[in-house]
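Let me begin by presenting the structure, written as structure tokens, before commenting on it.
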Amino acid sequence: MNRIDQRFADLKAQSRKALIPYITAGDPAPAYTVGLLHALVESGADILELGIPFSDPMADGPVIQKACERALVHGTRLAHVLDMVDEFRQSDTQTPIVLMGYLNPIERMGFEAFAARCEQVGVDGVLVVDMPPEEADELTACLKPRGVHTIYLVAPTTSETRAATIGRHGAGYLYYVSLKGVTGAATLDVTAVEKQLNSLRRFSDLPLCVGFGIRDGQSAAAVAQVADGVIVGSALVSQIADNAEHIEAIAPALKAVLSDMRQAMDS
Amino acid sequence: MSMPTQADKASKFSDLAQQPDSRGHFGPYGGRFVSETLSFALEELEKVYASLRDDPEFQADFDYDLKHYVGRPSPLYHADRWSRELGGAQIWLKREDLNHTGAHKVNNTIGQALLAKKAGKPRVIAETGAGQHGVATATVAARLGLKCDIYMGAEDVERQKLNVYRMRLLGANVIAVESGSRTLKDAMNEAMRDWVTNVDDTFYIIGTVAGPHPYPEMVRDFNAVVGREARRQSLEQIGRLPDALIACVGGGSNAMGLFYPFLQDEEVAMYGVEAGGKGLETGQHAAPLNAGQPGVLHGNRTYLMSDEGGQIIDTHSISAGLDYPGVGPEHAWLKDVGRVNYVTANDDKVLEAFRELTHVEGIMPALESAHALAYAKVLAPTMRTDEHLIVNLSGRGDKDILTVAKIDGIEF
């Protein structure tokens, strides 16, 4: 069984919601990523989203853009990101990992080579931001036989027709983008999110996880009331940015933010 | 991705004008590779365009503006003296430089701004590199009373101060983009981010035949007036179709505009000229069709300049308007099926052509267009004097005077 499916089954049995942190691989430098992933697991992460840095992250706000730039300065490429997962798996065989990024680095590596390496190192899901289901057949054909899920975004503006298409193609979970705009944007209306999630459930049985706009324990707990999982990215990545000069302070800072969310969600 | 098969390569000329398919694919290229957050905006745009493209009233408005505001048709000018100097084919210049705002760009911005107006969007945004598309957008926004924000890489804002001021005089707000390489591609990223956030009241006017479907098709259609006129003028003035067409290719909108109405004319050869920069061998160029490989950027699959890890790399060209790491997906397709020949012209040859046309014909071309002229200098002498060559003179060179002066060691 794919680790993502296993994890959601376990969480459901415990009546708990998934906490899914995102960091960009190679930020602030490649040597620290694996350690930070372990730190996130220690502070209550259920699933890890690891960003593949890209030179042109069109759907991301300034926080993730800067993270990509910091990672790319150090030469972090997709091959290294996969090596990091390999290293992480030496001491953690349980926590699901989802790679999140843009299509060009994957296409340049080759879909077949990428999928084979994902299986080999233990990647459980892939979310390609700029690959909607209509354009996904070739990559999915490589990932699916290897047990790697293709995960999709759903937006507040997604039509019912599209939601049905996405529901049919998706696996693992659906990543519901709770706001219009780019990552790191402002405030969140939980009532509106709940309404939209309820409408989405008509099109898919997959767990619905909500990202964009979650920055503290309070917002995480509020979203956890209505969703199956809470995704937190910019709030963590901005901690890395703030401490880029004090690398030893990064892990404690991430732990503080995530533990707070975990606690708020579980209480 | 699937590469074109032999069957594709053998496709009939009559099929070439039938692209793209309903989801915006030109063979394996094009498409709509965007975040789900943008899908709604693009579906909405596709609907608006589909409902208006064949609407007689919209077409009449568009034609009226092209005639009375832009000054079309632009002449097809026989560069008799230059042709004699080169000693080969007769060279004809399609004078897009004589359009209002000085380039072909305005054909597209008029079309898209009319769409914005019909769609009830009070605000338009655009990306710009050298500033030509920004100026053309600011111009039509001023005329239609639309609020206008232009995204421009911080580096380009510095390099193109005159156009920045020109846009501001026209009432546009110019936003300097500090992310990434601080050039055109980053301006496009930022404009997309703006659009996804403000889609309710905002229309994004993309300046070239790239981007997600339906932009490549739509921008081509608005610029195809260039090729339709040239075809008609050729029949009237030469008495037959030309033997070859030449146009410069950055994103490729002036080239697509000229080529498209001729795609089914098997006897017309076509040449797209990419920016060779300091030479392909130096890596400092902007020639993805000649030296790149297929990939995905800015919503479409096309030829790109990226490193082995798939990161987009910096480009170089003497002309800011060609300084882009991608190219329109229809060009990628036309390259693979062999309908258009894509070649390069290096900075030094471009400057030479710029000076030569200015001296010999009294026409100062944009440095972008001078790429097409540089290749005409190569091609024309290999042709007979009773053969005819049309070069798209896509823009005028006034904007480049400071660049050329600097190369000559002159500071103002």
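Filtering segment A:69-113 to residues that are within 12 Å of A:D27 (Cβ to Cβ) and either aliphatic (A, V, I, L, M) or in contact with a Ser or Thr (Cβ under 6 Å, 6 or more places away or on another chain) (or both) leaves A:A71, A:L72, A:V73, A:V81, A:M84.
For segment B:285-296, the criterion of being more than 16 Å from the chain's Cα centre (by Cα), within 28 Å of B:V164 (Cα to Cα) and either assigned to a helix (DSSP H, G or I) or assigned by TED's automatic domain parsing to the domain that holds B:H78 (or both) is met by at least one residue. Figure legend. Inter-residue proximity from segment A:104-116: first residues facing chain B (nearest Cβ under 10 Å) and without any contact (Cβ under 8 Å) to a residue 40 or more places away in the chain, second residues of a type in the set (D, E, K, R) and surrounded by 17 or more Cβ atoms within 10 Å (Cβ to Cβ), beta-carbon distance below 9 Å, spacing 6+ or different chains. Indicated pairs: A:E107/B:R301; A:M109/A:R77; A:M109/A:R117. If I ask for residues that are touching a helix residue (DSSP H, G or I) at 6+ places or on another chain (Cβ under 9 Å), at the interface with chain B (Cβ under 9 Å from one of its Cβ atoms) and not small (G, A, S), which ones from segment A:63-99 would you list? The answer is A:Q65, A:K66, A:T76, A:R77, A:L78, A:H80. Total residues in segment A:40-62 satisfying the condition of being modelled with pLDDT under 95 and surrounded by fewer than 24 Cβ atoms within 10 Å (Cβ to Cβ): the figure is 3.
Taking each residue of segment A:118-137 that is among the aliphatic types (A, V, I, L, M) and looking for partners that are surrounded by fewer than 19 Cβ atoms within 10 Å (Cβ to Cβ) and in a helix (DSSP H, G or I) with beta-carbon atoms closer than 6 Å, six or more apart or interchain, yields A:V121/A:D86.
Criterion applied to B:V350, B:V327, B:V337, B:V343 was being aliphatic (A, V, I, L, M) and more than 19 Å from the chain's Cα centre (by Cα), and the one residue passing it is B:V337. Within segment A:207-218, at least one residue is without any contact (Cβ under 8 Å) to a residue 60 or more places away in the chain, more than 14 Å from chain B (Cβ to nearest Cβ), charged (D, E, K, R) and farther than 25 Å from B:W195 by Cα. Per the conditions (1) under 30 Å from A:V73 (Cα atoms); (2) surrounded by 24 or more Cβ atoms within 10 Å (Cβ to Cβ); (3) under 20 Å from the mean Cα position of the chain (by Cα), the sole criterion not satisfied by B:A332 is (1). The number of residues in segment B:110-145 that are out of contact with any strand residue (DSSP E or B) (no Cβ under 8 Å at 6 or more places or on another chain) and not hydrophobic (A, V, I, L, M, F, W, C) comes to 7. Summed over segment B:30-79, the residues that are closer than 26 Å to B:E330 by Cα, of a type in the set (K, R) and more than 14 Å from every other protein chain (Cβ to nearest Cβ) give a count of 2. B:P325 meets each of the listed conditions (1) farther than 23 Å from A:L103 by Cα; (2) within 14 Å of chain A (Cβ to nearest Cβ); (3) not small (G, A, S) apart from (1).
Out of all the residues in segment A:111-131, which are over 16 Å from the mean Cα position of the chain (by Cα) and surrounded by 22 or more Cβ atoms within 10 Å (Cβ to Cβ)? Those that are over 16 Å from the mean Cα position of the chain (by Cα) and surrounded by 22 or more Cβ atoms within 10 Å (Cβ to Cβ): A:F114, A:A115. Screening B:E127 with (1) in contact with a Phe, Trp or Tyr (Cβ under 9 Å, 6 or more places away or on another chain); (2) assigned by TED's automatic domain parsing to the domain that holds B:A247; (3) among the acidic types (D, E) gives one miss only, at (2). The residue of segment B:181-208 that is farthest from the chain's Cα centre (by Cα), among those that are more than 9 Å from chain A (Cβ to nearest Cβ) and farther than 16 Å from B:C148 by Cα, is B:R182. Per the conditions (1) touching a His at 6+ places or on another chain (Cβ under 9 Å); (2) touching a residue at least 60 places away in the same chain (Cβ under 8 Å); (3) in the same structural domain as B:I390 (by TED's automatic domain parsing), the sole criterion not satisfied by B:A230 is (1). Checking every residue in segment B:299-309 against the condition of being part of a strand (DSSP E or B), on the phi > 0 side of the Ramachandran plot and of a type in the set (G, A, S) gives at least one match. Counting only strands (runs of 3 or more DSSP E) that sit completely within segment B:4-122, those holding 1 or more residues that are under 24 Å from the mean Cα position of the chain (by Cα), modelled with pLDDT of 95 or more and under 30 Å from B:E387 (Cβ atoms) correspond to B:76-78, B:90-95.
Table: residues versus (1) touching a residue at least 40 places away in the same chain (Cβ under 8 Å); (2) away from chain A (no Cβ under 14 Å).
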| position | (1), (2) |
| --- | --- |
| B:E281 | no, yes |
| B:P288 | no, no |
| B:G292 | no, no |
| B:G321 | yes, yes |
| B:A345 | yes, yes |
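The values are calculated or read from the model by the stated rules, or taken from the named source; none is laboratory data. These numbers were taken from a predicted model, which means no experiment stands behind them. A quick note on method: Cβ atoms are made from the backbone with ideal geometry, for glycine too, and the neighbour counts reach across all protein chains shown.
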